[in-house]
Every structure is written in C-alpha cells, then in structure tokens.
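For reference, the structure is listed below as structure tokens.
The values are calculated or read from the model by the stated rules, or taken from the named source; none is laboratory data. Note that this is a predicted model, so its numbers are computed, not measured. No Cβ is skipped: glycine too gets one built from the backbone with ideal geometry, and neighbour counts run over all protein chains shown. Only protein heavy atoms, including side chains, enter the accessible area calculation; ligands, DNA and RNA are left aside. Shrake-Rupley method; radii C 1.70, N 1.55, O 1.52, S 1.80 Å.
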Amino acid sequence: MNSEIDVFYEAINQSWTSFIRHLPNVIFSVVVLLLGLLIIKMINKYAKKFVISKSNDPLIADFILSIISLLLTIALFVICLGLIGFDDVTNKILAGAGLTTFIIGFALKDIGENFLAGILMAFQRPFRIGDLIQIDSIKGRVIEMNLRSTTIKTLDGIDAYIPNASILKNNLENFTIDELMRSQFIVSISHDEKIDEAFVLINALLEENEFVLKIPSHKTIAEKIENDVVSIGVYFWYRTDEIKAPGDKLKSDLQLNIYKALKTEGFNLPTNVVSIERIDIK
C-alpha cells in the first residue's frame with residue numbers, strides 16, 4: 001500500500017517538476033496566443049473592408065473571412081503547441097490535416113469547384129440580385145447566390161438552382177446589368193391611306209408615357225406588310241429599377257392605350273394577332 005502511495009507521489013512530483021520546467025514556455029505560448037488572436041481580429045477588420053469594396057457582397061465577404069480566420073487560428077494553435085514543446089503533436093496535426101484535406105478534396109471536388117467559382121464571381125460579379133439573366137436555356141431573375149449555387153426564378157415561376165461552376169463554363173447573358181431594358185410588341189393595322197398617321201399616333205403615345213425612356217429612344221418600324229396588313233413593330237426602353245414600371249404592366253398598358261387610340265381614330269384593326277416571344281417579367 002505504501003509503495004503505491006509512493007509511486008503516486010512520485011508521479012505527482014515529476015508532473016509538477018515538468019510543469020515548472022515548462023512554465024516559461026507555457027507563459028510565452030499563452031502570450032503569443034493572445035497576441036495572435038488580437039492580430040487575427042485586426043486582420044479580419046481591415047480585410048473585411050477590402051473584400052467588401054471588391055465584391056460588394058457583405059455575406060460572401062463574411063464567409064470568406066471566416067474561413068481565413070479559421071485557418072489562421074489553427075496555424076496559431078499549432079505554433080503555440082510547438083512553443084510549449086509538443087513538436088510530435090504538431091507534426092501529427094499537420095500530417096493529419098494534409099491527408100484529410102487531400103481525401104476531402106478528392107471526394108468533394110465538385111463542391112470545391114463550385115466553391116471556388118462562387119468566390120471568383122464574388123469578386124467579378126457578372127450579375128446582381130434581381131438581374132434578368134439567361135444561362136443556356138434557363139432564363140429568369142436572380143433571387144439568391146451563395147458560394148455553391150445561384151438560384152434563378154424562371155419566367156414561369158420555377159426556381160432553378162444552377163451550380164456556380166456551370167455559370168462560369170457556359171454562356172451568360174445579362175439583360176439588366178445597366179438597369180435598362182428594351183421591350184417590344186407588334187401592332188397590326190389594315191393598310192390604307194392613313195397608315196402614316198398610325199405611326200404618328202403610336203409615337204405620340206410612347207412620348208406621353210412617363211416610364212418610356214427618351215434616351216435610348218423608342219422606335220416604330222414596319223416589320224411586315226402582307227395581305228394589306230401592316231405589322232408595326234413597337235420598341236421602347238424602360239428602367240428596371242423603377243418599381244412603378246414593371247415590364248409586363250408597362251407593355252400591357254401601352255398595347256391597350258394604342259389599341260384604344262387607334263379604334264377611336266377609326267383605324268381598321270385586323271382580327272388576326274401577331275405575337276412575339278416575351279423578353280421580360282414582372
């Protein structure tokens with residue numbers, strides 16, 4: 001019994017002696033840890049301003065900086081363990097981290113590819129939330145973007161989730177990046193001697209509408225003349241950031257006003273309707 005107590009006390013004494021011997025290293029390591037955490041905090045503060053100024057996206061900036069902060073913190077803890085004298089532990093941590101990174105990177109290479117693509121698009125943003133874009137056959141408004149995928153609300157109301165890597169690899173069209181958009185429709189009129197007056201009337205209605213832009217200017221052209229019917233193409237521009245002038249409503253209002261005005265002035269409108277592909281949404 002006494003021998004077991006002696007062994008226990010001997011172990012305590014050895015631990016205490018070892019602790020006293022390493023105490024300066026422990027204190028120095030704690031100081032380095034505290035200073036390192038303070039430096040990391042300062043780096044994050046200034047880096048966040050820089051990243052936001054480049055990406056103009058606080059959410060993605062926070063995400064990127066959190067990853068950088070995590071890596072710096074892990075590196076700081078490894079250094080502190082090395083200062084205490086746990087070199088074997090740090091070597092195992094670094095070796096394990098390298099192997100783990102390789103395995104995870106190989107297994108999740110598609111996720112990593114989309115992640116890197118998301119970071120690239122954060123700094124060189126080809127579109128913004130609310131922009132009308134088309135990627136291959138998918139066309140709609142951008143409603144959300146994260147580091148893995150971009151969500152688009154298509155013209156028929158479907159949410160399409162597109163991997164960021166696919167966006168970088170495929171052709172992208174942005175219809176509203178400059179907050180301007182052109183819309184168009186066809187007005188069909190039976191040909192007679194008053195056809196020039198129809199053009200004047202349509203242009204006057206476009207001029208009167210407060211949401212139709214003067215620059216770039218609207219235009220009306222004869223698209224087709226067939227069977228004594230003149231198909232007049234009406235082209236006009238509007239601002240996509242004007243909430244009172246959503247594309248569909250403005251287009252509908254113009255068509256109805258032109259139709260009523262032409263009927264009032266006695267123009268003969270044929271019964272057939274010429275339609276074109278819709279290019280914008282509300």
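Select, from ASP156, ASP178, ASP196, ASP192, the only residue that is open to solvent by 40 Å² or more (accessible area, probe 1.4 Å), more than 30 Å from ASP131 (Cα to Cα) and part of a loop (DSSP other than H, G, I, E, B).
On the way: ASP156 fails: more than 30 Å from ASP131 (Cα to Cα); ASP178 fails: more than 30 Å from ASP131 (Cα to Cα); ASP196 fails: part of a loop (DSSP other than H, G, I, E, B).
Exactly one of ASP156, ASP178, ASP196, ASP192 is open to solvent by 40 Å² or more (accessible area, probe 1.4 Å), more than 30 Å from ASP131 (Cα to Cα) and part of a loop (DSSP other than H, G, I, E, B), namely ASP192.
Exactly one condition in (1) outside any strand (DSSP E or B); (2) open to solvent by 20 Å² or more (accessible area, probe 1.4 Å) is false for ALA165; which is it?
Just one mismatch for ALA165, condition (2).
List the pairs whose first member sits in segment 129-144 and is open to solvent by 60 Å² or more (accessible area, probe 1.4 Å), whose second member is part of a loop (DSSP other than H, G, I, E, B) and of a type in the set (A, V, I, L, M), and whose Cβ atoms are under 7 Å apart, counting only residues at least 6 apart or on separate chains?
Once the first residue is open to solvent by 60 Å² or more (accessible area, probe 1.4 Å) and sits in segment 129-144, its partners that are part of a loop (DSSP other than H, G, I, E, B) and of a type in the set (A, V, I, L, M) give ILE143/ILE129.
Taking the options LYS260, LYS214, name whichever one is at pLDDT 90 or above and in a loop (DSSP other than H, G, I, E, B). Step through it out loud before you land on a result.
On the way: LYS260 fails: in a loop (DSSP other than H, G, I, E, B).
Testing whether each residue is at pLDDT 90 or above and in a loop (DSSP other than H, G, I, E, B) leaves just LYS214.
Would you confirm, using the coordinates I've provided, whether ALA122 is open to solvent by less than 40 Å² (accessible area, probe 1.4 Å) and modelled with pLDDT under 80? Full working, then the answer.
On the way: open to solvent by less than 40 Å² (accessible area, probe 1.4 Å): yes; modelled with pLDDT under 80: yes.
It is true that ALA122 is open to solvent by less than 40 Å² (accessible area, probe 1.4 Å) and modelled with pLDDT under 80.
Kindly establish whether VAL187 is touching a residue at least 60 places away in the same chain (Cβ under 8 Å), crowded, with 17+ Cβ neighbours inside 10 Å and within 19 Å of ASN268 (Cβ to Cβ). Lay out the reasoning, then the answer.
Details: touching a residue at least 60 places away in the same chain (Cβ under 8 Å): yes; crowded, with 17+ Cβ neighbours inside 10 Å: yes; within 19 Å of ASN268 (Cβ to Cβ): yes.
In short, yes.
State whether the residues of segment 223-243 include one that is exposed (fewer than 15 other Cβ atoms within 10 Å of the Cβ) and modelled with pLDDT of 90 or more.
No, segment 223-243 contains no residue that is exposed (fewer than 15 other Cβ atoms within 10 Å of the Cβ) and modelled with pLDDT of 90 or more.
Find the residue count for segment 136-148, including only residues that are over 22 Å from GLU179 (Cα atoms) and in contact with a Gly (Cβ under 8 Å, 6 or more places away or on another chain).
Selection size over segment 136-148: 3.
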